[in-house]
Each structure stands twice: as structure tokens, then as C-alpha cells.
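Undergrad: Can you read through this structure? Questions will come right after.
The values are calculated or read from the model by the stated rules, or taken from the named source; none is laboratory data. Predicted model only: the values in this text are computed from it and were never measured. Reconstructed Cβ throughout: ideal geometry from the backbone, glycine too, with neighbour counts over all protein chains shown. Quick note on the areas: whole protein, heavy atoms, side chains included, nothing else; ligands and nucleic acids left out. Shrake-Rupley method; radii C 1.70, N 1.55, O 1.52, S 1.80 Å.
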Amino acid sequence: MSTIVVGLYKEPRAAKKAFEALVAAGCQEKDIDTFDGAGNADKATQELLGHGFTKDVAQRYAAAIKQGHTLVAADIADQDADAAEAILDENGAIDLPESSHQPKKPAKADNGANVEEESVPVVEEQVEIGKRRVSKGGMQVTTEVTETPVRETVRLREEEVDVERHKADRALGAQEVDTAFEEKTVEMTATSETPEVTKEARVVEEVVLSKKATERDKTVEASARRTDVKVKPTGDRPGANKR
């Protein structure tokens, strides 16, 4: 099983340094994505949503990217996730900026007096349950070549040419008279047999890899948090609760 770890950086150089540190630790480059520039904000949102991030968190990362930050996201095996997060932190990863908090700002009342105003947000989580594909292992078929000695005895024929001289004292025959004094050459060639090996490759077995897909329903439970705001007067003068 694997999980996604992310790191947000103010400077592109810090993001590059974190990328190189993950690779040096054994992470594959193809498993690491870097998102920077406004053009990659939507792509980052879809990537995070596809890996189980909530819509609110994914959109906040996208907003940070549009503001000039760089996001590094790595697909890491579950057992290595903590080490990868430590690497991202060691290379300057920052916390995701809060988007809902409104700072104090000056305002003017109806009577012209300057007052100070602060808003307290009521936050409610929106839970979206999706799914993502993870690797669960498979089968690997590897071919290897082995050699089996084959021994067989064959009978080989071999010829030799011999020359013998025999003494003779006889008259020429009728057929020998006409050719007795002609020049001629007679040759006899000896042959021999040598072993010859021929091979034919034949298919004797086939190994077929296949996979089948099944579907099942699974109930997933999650909790959505919400902050409630309670208003009560303090001091000697109660304030007005307006809606």
C-alpha cells in the first residue's frame, strides 16, 4: 500500500532541494510531482482530490500555488511515509496557510467613532468520500534458458585410397593396343563422414498471465467537524448580539 505525502515551499529552490532529497533517499522520480505557477493549481487540486484529500484542503493548496508557492507531492509506500515527511520538513516545508481567518481591521461606526472589529469564523467540514487505485501485488513470469546435454553414438564411414604396383609380363589386349601410348590421368577421391547436429525449436508449454476484476460495496465512515460560536456578555456593559 502507498500514500501521498506533500510539502509546501515558499521558494522554488527549496522545493527542488526537497525533490532531490527524496530521490536520494530511494524514491522514484516518476512518483514525485511538483506543482508551481497558477497554471498548475487546478491540476494539483485534481491530483490531491484523487488521493483522498478533502475539497477544502485541496483548494487551499491550489490557492497557495497561485500565490507563488511550490507544492511537492510524492507517492510513498506506507512504511516509508514518516521518513518522507521528515525529509520534506527538513528541507523547509511550511504549514498550509489558513484561508478562513480574517485579521483585525479598522471600521467606522455610525456616529463617526473609530472601532476595532474582529470576526470569528464558524467552520464546518465537508466530507467527500472517493476512491483511489493502489497496487496489491501480482504475478511475474520470467524466462530463463537452461541447457541439457544430449549424447548419442553414430557410426561414421571413412574411406582411404591405396596404390599398389604388381609385376606383369603379358601381351597387350586388343582394346589396349590403340590407347597404350596415350597420356592420361586417373583420380580416385576418398570420402569420410562427420557428425552433424540439427536443432528444431518447438513450443511445448504456454504460460498465460490474466487478471479479472470484481466489484464490491464497502461502507466508509468519517466525521465532519464544525465549530459553534457562543456569545455572552463580559464586563459591566453587555454587548448587542446582531445577526
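Undergrad: Give, in nm to one decimal, the length gained when the segment between Val163 and Thr191 is fully stretched (0.36 nm per residue of separation minus the Cα-Cα distance). Don't jump to the answer; show the numbers that get you there.
TA: Values: separation 28, 0.36 × 28 = 10.08 nm, distance 1.62 nm.
Gain on extension, Val163 to Thr191, equals 8.5 nm.
Undergrad: Now a separate question. Any idea of Leu8's accessible area? Nearest 10 Å², probe 1.4 Å.
TA: Answer for Leu8: close to 0 Å² accessible.
Undergrad: Of the trypsin sites (Lys or Arg not before Pro) in the stretch 184-227, which ones lie in a loop per DSSP and count no more than 10 other C-beta atoms within 10 Å? Mind dumping the intermediate values first?
TA: Details: sites: Lys184, Lys199, Arg202, Lys211, Lys212, Arg216, Lys218, Arg225, Arg226; in loops: Lys184, Lys199, Arg202, Lys211, Lys212, Arg216, Lys218, Arg225.
Filter output for the stretch 184-227: Lys184, Lys199, Arg202, Lys211, Lys212, Arg216, Lys218, Arg225.
Undergrad: What do you reckon, how do Ile94, Ile65 stack up by accessible area (1.4 Å probe), largest on top? Don't jump to the answer; show the numbers that get you there.
TA: Details: Ile94 55, Ile65 0 Å².
Most to least solvent-accessible, the answer reads Ile94, Ile65.
Undergrad: Still on this structure, I have one more. Have a look at the chain and give its Rg and Dmax from the Cα atoms, expressed in angstrom.
TA: Final numbers for Rg and Dmax: 45.3, 166 Å.
Undergrad: Using +1 on the beta carbon of Lys and Arg, -1 on that of Asp and Glu, and nothing else charged, what's the dipole of the chain about the Cα centre, debye to 20? Don't skip to the answer; put the middle values down first.
TA: On the way: 36 positive and 49 negative charges, 563 e Å.
Dipole magnitude for the chain comes out near 2700 debye.
Undergrad: Quantify, in whole percent, the carbon and sulfur part of the accessible surface of the stretch 145-236 (1.4 Å probe; protein heavy atoms only). If you can, show how the numbers build up before the last one.
TA: Working: 5320 of 11600 Å².
Result for the stretch 145-236: 46 percent of the exposed heavy-atom area is carbon or sulfur.
Undergrad: Which part of the stretch 182-209 falls in the paramagnetic zone of Thr146, meaning amide N under 20 Å from the point 7 Å along Cα-to-beta-carbon?
TA: Answer for this model: 200-208.
Undergrad: Let me ask something else about it. Taking 30 Å as R0, compute the FRET efficiency from the Cβ-Cβ separation of Ala86 and Asp56 and round it to 0.05.
TA: Working: r = 26 Å, r/R0 = 0.86.
The computed FRET efficiency comes out at 0.70.
Undergrad: Where only protein heavy atoms count, and the probe is 1.4 Å, what is the accessible area per residue for the chain in Å²? Walk me through the numbers before you get to the answer.
TA: Values: 22750 Å² over 243 residues.
Solvent-accessible surface per residue comes out at 94 Å².
Undergrad: How far apart, in nm, are two points set 7 Å out from the Cα along the Cα-to-Cβ line at Arg133 and at Thr234?
TA: Between Arg133 and Thr234, the simple spin-label model gives 5.5 nm.
Undergrad: Can I ask one more? Lys and Arg at +1, Asp and Glu at -1: add these up for the other residues within a Cβ distance under 13 Å of Asn40 and post the number.
TA: Values: positive: Lys43, Lys66; negative: Asp33, Asp36, Asp42, Glu47.
So the surrounding residues net to -2.
Undergrad: Given Lys17/Lys136; Lys16/Lys136; Lys55/Lys218, which pairs have Cα atoms separated by over 25 Å?
TA: Numbers: Lys17/Lys136 31 Å; Lys16/Lys136 31 Å; Lys55/Lys218 21 Å.
Where the Cα-Cα span goes over 25 Å, the pairs concerned are Lys17/Lys136; Lys16/Lys136.
Undergrad: In what order, largest first, do Glu20, Glu47 sit by accessible area if the probe radius is 1.4 Å?
TA: Details: Glu20 100, Glu47 60 Å².
Final ranking, largest accessible area leading: Glu20, Glu47.
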